[in-house]
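Have a look at the structure below, then the notes.
The values are calculated or read from the model by the stated rules, or taken from the named source; none is laboratory data. For clarity, every value in this text was computed on a predicted model and none was experimentally measured. Ideal geometry is used to build each Cβ from the backbone, glycine not excepted, and the neighbour counts take in all protein chains shown.
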Amino acid sequence: MKIQGIAAVVTGGASGLGEATARELASRGAKVAVFDRDIEKGEKVAAEIGGIFCEVDVTSDEKVAAAFAKAREAHGQERVLVNCAGVANAAKTVGRDKETKEPKAYPMIQFELAIQINLIGSFRCIAHSAYGMVNLDPLEDGERGCIINTASVAAEDGQIGQAAYSASKGGVLAMALPIARDLMNDGIRVNTILPGVFKTPMVAMMPPNVQDALGAQVPFPKRLGKAEEYADLAAFIVETPYLNAEAIRLDGGIRMAPR
């Protein structure tokens, strides 16, 4: 699929991997709708790339439907959806009080939040987008659309405290194949990117020595991933029709240790 002239939606597009992807697709001629909860940053990114901002909470059916309606009114039905909206949290299955060393119950709200945003939120956007894509006129090879989801290397080698995050991202990884099979006769491809340790806004807030230590764990190159590298891969997936139902680790070869 040629990116020039198509409509695209990027969730979590106001920062990090999503912002880089929105900018990359726009630089290649796409009409990009930036979906995010952060109004100020989202409007800024959208203005800078000549796109449109749509305020959205991926845990709400109504807000997701309204965001897609706004994007389509401005740009027409999207052919590309890139799901980058997500949340990261950490807690041991059984924790310990730092002072008393007494056991602490798991805060279930954290598990539910990760599943609601990372897994259900991604599928909610997929379902809305695919429902519109199936009515598009087919391109070469009968292609109508391309959906890219963001999992994580934690889906395969989650660390201590990542039960909720790994479960949510593991679900994102696992659902790609059946969704691709659901949509194969409609010409809609579904792929998954599993980023490693990237310099996202959350990581950028860490002290430089901590960032350097994280980067040093990567086999090669020994640094944190760049958001632009994720964006480049997303664009490559869009432009490569034979790439379907695939999961690609973008991690410099790292395999996460227990902690």
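Among the residues making up the stretch 52-82, those that are in contact (Cβ under 8 Å) with a residue 60 or more places away in the chain, more than 20 Å from GLU112 (Cα to Cα) and among the charged types (D, E, K, R) are ARG72, GLU78, ARG79.
Sort through ALA151, ALA180, ALA130 and tell me the only one that's surrounded by 22 or more Cβ atoms within 10 Å (Cβ to Cβ) and within 22 Å of LEU233 (Cα to Cα). Walk me through how you get there before you give the answer.
Details: ALA180 fails: surrounded by 22 or more Cβ atoms within 10 Å (Cβ to Cβ); ALA130 fails: surrounded by 22 or more Cβ atoms within 10 Å (Cβ to Cβ).
Only one candidate qualifies: ALA151.
Evaluation of GLY121 against the conditions (1) buried (at least 20 other Cβ atoms within 10 Å of the Cβ); (2) over 26 Å from GLU143 (Cβ atoms); (3) of a type outside the set (S, T, N, Q) shows that the sole unmet condition is (2).
Screening ILE248 against (1) surrounded by fewer than 21 Cβ atoms within 10 Å (Cβ to Cβ); (2) modelled with pLDDT of 95 or more; (3) hydrophobic (A, V, I, L, M, F, W, C); (4) not in a strand (DSSP E or B) leaves a single unmet condition, (4).
Taking the stretch 216-259 as the range and being more than 19 Å from the chain's Cα centre (by Cα) and touching a residue at least 60 places away in the same chain (Cβ under 8 Å) as the test, the residues that pass are PRO241, ILE254, ARG255, MET256, ALA257, PRO258, ARG259. The residues on offer are VAL56, VAL80, VAL94, VAL64, and the sole one that is surrounded by fewer than 18 Cβ atoms within 10 Å (Cβ to Cβ) and modelled with pLDDT of 95 or more is VAL94. Confirm whether GLY215 is part of a loop (DSSP other than H, G, I, E, B), more than 28 Å from ARG144 (Cβ to Cβ) and small (Gly, Ala, Ser). In short, no. Of note, ASP157 satisfies the criterion of being of a type in the set (Asp, Glu), surrounded by fewer than 20 Cβ atoms within 10 Å (Cβ to Cβ) and touching a residue at least 12 places away in the same chain (Cβ under 8 Å). Residues satisfying the criterion are absent from the stretch 23-46 (criterion: surrounded by fewer than 22 Cβ atoms within 10 Å (Cβ to Cβ), modelled with pLDDT under 95, assigned to a loop (DSSP other than H, G, I, E, B) and out of contact with any strand residue (DSSP E or B) (no Cβ under 7 Å at 6 or more places or on another chain)). For the stretch 183-215, which residues satisfy the criterion of being more than 23 Å from GLY16 (Cα to Cα) and surrounded by 13 or more Cβ atoms within 10 Å (Cβ to Cβ)? Hits for the stretch 183-215 are LEU183, MET184, ASP186, GLY187, ILE188, ARG189.
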